[in-house]
2 protein chains.
Amino acid sequence: MNKRLTLKDVAKAADVHVSTVSRALDPNSSTSLSEEVSNRIKVVAKELGYRPNRIAAGLRTNKSMTVGVMIPDITNTLFPPIVRGIESTLEPFGYATILVNTDNIPERELRLIEVLRERGVDGIITVAAHRNDPGIAELIELGIPVISLNRRLDISTVPYVINDDNVGMKLLLKHFFDLGHRRIGHIAGPRDLSTGQIRAAAFSEGCKAHGLPDCADLIYYSDRFEEAEGERCTVELLRTNPDITALLCANDRLAIGAYSGIRSLGLRVPEDISVTGFNDSPILESIPPRLTTVRIQKFEIGQAGAKLLLNALQGGAKGPIGTVLPVELIIRDSTCAPRSES
Amino acid sequence: MNKRLTLKDVAKAADVHVSTVSRALDPNSSTSLSEEVSNRIKVVAKELGYRPNRIAAGLRTNKSMTVGVMIPDITNTLFPPIVRGIESTLEPFGYATILVNTDNIPERELRLIEVLRERGVDGIITVAAHRNDPGIAELIELGIPVISLNRRLDISTVPYVINDDNVGMKLLLKHFFDLGHRRIGHIAGPRDLSTGQIRAAAFSEGCKAHGLPDCADLIYYSDRFEEAEGERCTVELLRTNPDITALLCANDRLAIGAYSGIRSLGLRVPEDISVTGFNDSPILESIPPRLTTVRIQKFEIGQAGAKLLLNALQGGAKGPIGTVLPVELIIRDSTCAPRSES
DNA sequence: ATGAAAGCGCTAACAA
DNA sequence: TTGTTAGCGCTTTCAT
């Protein structure tokens with residue numbers, strides 16, 4: 001169990017002062033150093049296998065070269081590609097990422113923010129933000145760079161990268177309309193998440209644009225983006241509005257839940273009710289009927305978020321407050337023309 | 001952008017010395033402190049919203065309360081539950097986890113170990129170990145606690161938690177045997193991963209136990225646990241041994257690849273060739289024919305590994321060097337009796 | 001029971 | 001160009 005080498009050890013070996021070593025090893029040291037000494041030190045350091053202690057450096061510089069990544073649950077297939085996109089982008093710049101799972105529980109989120117702050121993270125990327133998020137708001141006040149991915153906050157100062165929820169919904173709605181559907185319901189996401197809110201708003205707008213009658217009563221809000229919620233809302237919605245022929249769900253999990261709800265009422269997908277989702281989760285290819293959905297860019301959203309954070313960290317020109325990634329309509333087997341009422 | 005509070009601020013507010021505050025706030029401080037002062041300090045600290053700076057504390061105590069978690073790729077469905085098991089177990093004890101993806105590339109792994117060491121992690125949990133892993137070996141030499149999950153190393157000093165690969169393979173083999181198969185092939189995992197090696201050994205052993213003729217030539221080793229490799233090995237194996245009626249694959253991804261390989265030869269699963277996997281990945285339920293496989297405990301393996309690490313970190317009695325978690329045979333539609341040769 | 005002081009490994013003024 | 005020195009925020013030994 002060799003004690004770990006310090007600058008002092010290198011200094012002794014190279015017969016110079018610690019600060020000289022520090023300068024020699026600092027890639028962007030502004031101080032002038034003679035080539036010869038600098039090189040000698042580098043050689044000695046490499047020979048000895050010296051590795052800097054970033055904890056100590058961080059204490060002094062107030063930079064930990066560590067960023068916090070907050071997600072609801074790594075077990076949800078939506079998040080691993082995002083996390084990977086973040087890590088792949090940050091790692092080459094020397095940043096490591098501390099990962100925490102919030103389970104969308106506000107108190108847990110607050111505690112985890114503390115955990116991250118205690119570790120002195122230089123910035124935070126959250127994929128778990130609520131529209132109104134006191135924890136994030138506080139971070140902003142403290143001047144800690146925060147980027148929100150996938151969701152956006154109501155306060156406008158937090159830079160965000162989201163997918164084009166609006167266009168995605170419009171594409172789905174147009175698809176339904178083109179197939180001939182006129183009574184279309186929406187299982188909306190939670191009201192406190194921007195994804196839920198934006199998609200529901202797009203639904204309303206889209207209905208109006210297509211000249212459909214007021215659809216406010218055809219929107220049922222789920223409490224969580226979970227299958228069970230999708231099922232519950234679907235059953236309630238269909239009970240109240242048995243003439244619906246198409247169901248636009250705010251994400252894939254709600255849509256899979258809708259399948260169950262529809263079947264529990266003795267109806268079939270898509271013959272009786274067409275269903276769509278959002279996100280294009282990998283499982284969908286293989287759950288029959290294969291879900292028509294909107295494909296979002298997952299790895300890329302992580303990548304874009306990481307770049308934004310890097311920019312903020314390196315104090316470059318202020319980046320965009322909002323970045324919207326394009327989406328793609330994926331038509332599969334869960335949608336078809338409505339049955340003629342003859 | 002308020003400057004962050006330090007012990008000094010609390011000390012000033014409570015009108016005591018910094019060290020007194022440090023003692024009062026340390027839950028397991030051995031030094032005696034008067035109840036009254038201690039309580040007063042705690043109240044003041046809470047009122048002020050003081051949060052300790054673990055970076056500074058870590059510099060002094062040489063404990064960062066951070067552990068490194070190394071996985072091949074968070075995007076692979078096998079790993080998120082393991083990571084979640086680790087995080088859920090460690091978090092209540094005040095440990096945060098730094099996550100890194102190795103992609104099973106040795107050089108990358110070495111660099112990432114450095115990244116973790118520079119951050120002063122107190123220990124490392126790796127789900128990405130190679131049987132012969134120089135990086136891990138060095139960590140052990142340095143006295144940094146390491147736990148290997150899912151895989152084990154050839155050197156016997158690294159504690160590991162694995163699933164019962166041996167029994168899993170025997171169960172699959174018995175299942176084949178009971179169905180009447182006698183010519184059984186094995187698409188093995190990479191030789192440099194313990195999972196590949198243990199499963200291949202179990203296959204050989206099992207064949208012998210069932211009185212099957214020497215099966216060494218019915219084992220084809222893949223280079224990576226990937227679908228494309230499964231397909232390649234399957235085609236090669238079936239070309240050389242067209243009389244095979246059952247294929248035991250070392251994991252689910254290889255098995256899915258085997259599906260493609262079998263079909264490319266104009267054969268059907270399971271009518272012509274029965275196929276099995278290992279791990280029970282979530283997708284399988286919905287890829288036809290649903291794969292017969294072995295279910296391993298994913299969350300639990302993370303949990304067990306985290307507990308082992310906690311034990312090592314808290315310097316308790318030495319834990320077990322090896323922990324083997326039980327597995328379960330999941331019979332689905334990819335296996336059936338061989339066609340009678342009549 | 002509390003205060004004083006040293007020091008963890010590093011960086012950054014300031015001197016020389 | 002290099003050395004000296006102070007100090008980041010905390011813990012801990014040693015005094016008191």
> residue B:224 label points, 7 Å along Cα→Cβ, one per copy: pairwise distances from this copy to the rest in nm, shortest first?
Replying inline: 3.6
> So what is the orientation-averaged projected area of segment A:59-147, using the convex hull of its C-alpha atoms, in nm²?
Replying inline: 5.7 nm²
> Mind checking which lysines have their C-alpha under 16 Å from residue B:208, skipping anything on the same chain fewer than 8 residues away?
Replying inline: B:170, B:174
> Based on the Kirkwood radius over alpha-carbon pairs, what is the Stokes-Einstein translational diffusion coefficient of the protein assembly as shown at 25 °C with 0.890 mPa s viscosity, in µm²/s?
Replying inline: 87 µm²/s
> How big is the antiparallel share of DSSP beta bridges in chain A, given as a percent to the nearest 5?
Replying inline: 10 percent
>> Could you give the length gained by full extension between residue B:88 and residue B:40, i.e. 0.36 nm per residue of separation minus their alpha carbon distance, to one decimal place?
In response: 14.0 nm
>> Check chain A for me: any Cys whose beta-carbon has no other cysteine beta-carbon within less than 4.7 Å?
In response: A:233, A:249, A:336
> Averaged over all directions, how much area does the convex hull of the C-alpha atoms of segment A:7-52 cover when projected, in nm²?
Replying inline: 2.8 nm²
> What lysines sit close enough to residue B:307 to cross-link, taking a C-alpha to C-alpha distance under 23 Å and skipping anything fewer than 8 places away on the same chain?
Replying inline: B:63, B:298, B:318
> Per residue, how much accessible area does segment A:165-296 have with a 1.4 Å probe, in Å²?
Replying inline: 37 Å²
> Which residue is it, in chain B, whose C-beta lies closest to the B-to-A rotation axis, and what is that distance in whole Å?
Replying inline: B:286, 2
> Per residue in segment B:135-183, which ones lose no less than 10 Å² of accessible surface when going from chain alone to all protein chains (1.4 Å probe)?
Replying inline: B:141, B:142, B:143
>> Taking just the alpha-carbon atoms of chain B, what radius of gyration and Dmax come out, in angstrom?
In response: 25.8, 95
> Using the Karplus equation 6.51 cos²θ - 1.76 cosθ + 1.60 (θ = phi - 60°), what ³J(HN,Hα) coupling, rounded to whole Hz, does each residue of segment B:211-226 give in order, writing x for Gly and Pro?
Replying inline: x, 7, x, 3, 10, 3, 7, 9, 9, 10, 8, 7, 8, 8, 7, 9
> Most fluctuating residue of A:33, A:139, A:149 in a GNM of chain A with Cα springs under 10 Å: which is it?
Replying inline: A:33
>> I'd like the interface area for chains A and B: accessible area of each alone minus the complex, both sides summed, 1.4 Å probe, protein heavy atoms only. What is it in Å² to the nearest 100?
In response: 4000 Å²
>> So, taking all protein chains as they sit and a 1.4 Å probe, how much accessible area belongs to residue A:285, in Å² rounded to tens?
In response: 100 Å²
> If you add up the charges near residue A:198, with Lys and Arg at +1 and Asp and Glu at -1, over every other residue whose beta carbon is less than 14 angstrom from its beta carbon, what do you get?
Replying inline: +1
> Rounded, prolate or oblate: which fits segment A:112-234 when a ≥ b ≥ c are the square roots of the eigenvalues of the alpha-carbon gyration tensor, with rounded for a/c under 1.5 and prolate only if a/b beats b/c?
Replying inline: prolate
> Residues with beta-carbon under 14 Å from that of residue B:175, excluding residue B:175: net charge, scoring Lys, Arg +1 and Asp, Glu -1?
Replying inline: +2
> So what is the relative contact order for segment B:114-242, in percent, with contacts set as C-alpha pairs under 8 Å and at least six apart?
Replying inline: 19 percent
> From a point 7 Å beyond the Cα of residue A:333 in the direction of its Cβ, which residues of segment B:277-319 have a backbone N at a distance under 12 Å?
Replying inline: B:287-288
> Taking the DSSP beta bridges in the protein assembly as shown as the whole, what percent of them are antiparallel, to the nearest 5?
Replying inline: 10 percent
> At residue B:110, with labels set 7 Å past Cα in the Cβ direction, how many nm apart are the copies from this one, shortest first?
Replying inline: 4.8
> Rounded to the nearest 0.05, what FRET efficiency do residue A:223 and residue A:63 have when you use their Cβ-Cβ distance and R0 = 51 Å?
Replying inline: 0.80
> How much of the accessible area of segment A:165-296, probe 1.4 Å, is carbon plus sulfur, in whole percent?
Replying inline: 52 percent
> Say a label goes 7 Å from Cα toward Cβ at residue B:322 in every copy; what distances in nm does this one have to the rest, shortest first?
Replying inline: 5.8
> Using θ = phi - 60° and the Karplus curve 6.51 cos²θ - 1.76 cosθ + 1.60, what whole-Hz ³J(HN,Hα) does each residue of segment A:35-47 get, with Gly and Pro shown as x?
Replying inline: 2, 4, 4, 4, 5, 4, 4, 4, 4, 4, 4, 5, 4
> R0 = 22 Å: FRET efficiency of residue A:324 with residue A:290, Cβ-based, nearest 0.05?
Replying inline: 0.20
> How much net charge surrounds residue A:131 when only the other residues with a Cβ under 12 Å from the Cβ of residue A:131 are counted, with Lys and Arg +1 and Asp and Glu -1?
Replying inline: 0
> Taking square-rooted eigenvalues a ≥ b ≥ c of the alpha carbon gyration tensor, is segment B:165-296 rounded, prolate or oblate, where a/c under 1.5 means rounded and, failing that, a/b exceeding b/c means prolate?
Replying inline: rounded
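The values are calculated or read from the model by the stated rules, or taken from the named source; none is laboratory data. Being a predicted model, the structure only gives us computed values, none of them experimental. When we count neighbours, we look across all protein chains shown, and the Cβ atoms used for this are built from the backbone with ideal geometry, even at glycine. Please note that ligands, DNA and RNA were not included when accessible areas were found on the heavy atoms of the full protein model with its side chains. Shrake-Rupley method; radii C 1.70, N 1.55, O 1.52, S 1.80 Å.
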